[in-house]
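Structure, as structure tokens:
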Amino acid sequence: MIKITLDVAKKLLKAAERRAHELGISEVISIVDEGGNLIASHRMDDAAIASINISKNKAWTAVSMKMPTLKLAKLSVPNAELYGINTTNHGRVVVIGGGIPLMKDGKIVGGVGVSGDTVANDLEVAMAAVQMFENVYGLTHSHYPHHTPHDSPFY
């Protein structure tokens, strides 16, 4: 199993920040390891202070729940299977899109969390990090769709 190093995390942050700049937004981007432990976090100029913890918790949630946070959001609405899950783990579970697990060979090796703008934009920025992750590790059979996240049935 691969380990996401600080150098790799910095590449993911840079790719995500580049996408945020293209969109004209400020975000907080966090990268965690396979245990949900923070490797690196980056707050762009003017990004909301609250987004610091939200982005870290989106990444942690994606790893700990083994799914993108937007998928979890759909499972946690009233009368859904996981309704109330966001009240567990001392409120650390985030059910807002923008957290995506990073996978290699069917195993979660880390996660990315992005917060600071709309869910659609948070997902766009997170996917830039995912695509860089795939490039760094030469993944040709992606676990992720290569179209916009808000159009994807994966999320």
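All of the numbers you see were taken from the coordinates with simple rules; none came from a lab. Fair warning: this is a prediction, and the values are worked out from it, not measured in the lab. Here the Cβ is made from the backbone with ideal geometry for all residues, glycine too, and neighbour counts use every protein chain on show.
Data table
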{"quantity": "Sum of side-chain charges, Leu82 neighbourhood, beta-carbon under 15 Å (Lys, Arg +1; Asp, Glu -1)", "calculated": "+3"}
{"quantity": "Long-range amide H partners of Gly99 with built H, under 5 Å", "calculated": "Thr69, Leu70, Val114"}
{"quantity": "Likely footprinting exposure, Asp105, Asp45, Asp122, fewest C-beta neighbours within 10 Å first", "calculated": "Asp45, Asp105, Asp122"}
{"quantity": "The chain, relative contact order [Cα under 8 Å, separation at least 6], %", "calculated": "27"}
{"quantity": "Loop GluC sites (Glu not before Pro), the stretch 39-148, which have at most 15 other Cβ atoms in a 10 Å radius of their Cβ (DSSP)", "calculated": "Glu81"}
{"quantity": "Total formal charge among the other residues, if their Cβ is under 10 angstrom from that of Ile96, Lys/Arg +1 and Asp/Glu -1", "calculated": "0"}
{"quantity": "Mean residue ellipticity (222 nm) of the chain, computed from DSSP H runs ≥ 4 via -39,500 (n - 2.57), nearest 500", "calculated": "-12000 deg cm²/dmol"}
{"quantity": "Net charge of neighbours whose Cβ lies under 12 Å from the Cβ of Pro68, counting Lys and Arg as +1 and Asp and Glu as -1", "calculated": "+3"}
{"quantity": "Per-residue ³J(HN,Hα) for the stretch 134-139, Karplus 6.51 cos²θ - 1.76 cosθ + 1.60, θ = phi - 60°, Hz, x for Gly and Pro", "calculated": "4, 5, 4, 9, x, 7"}
{"quantity": "Within a Gaussian network of the chain (alpha carbon springs, distance under 10 Å), most fluctuating of Pro78, Pro68, Pro101", "calculated": "Pro78"}
{"quantity": "Candidates Val77, Val114, Val28, ranked by Gaussian network fluctuation over the chain, Cα under 10 Å, top entry", "calculated": "Val77"}
{"quantity": "Listed candidates (1) 62, 34, 25; (2) 40, 37, 29; (3) 57, 29, 24 - label of the one calculated as Cα extents along the principal axes in Å", "calculated": "(2)"}
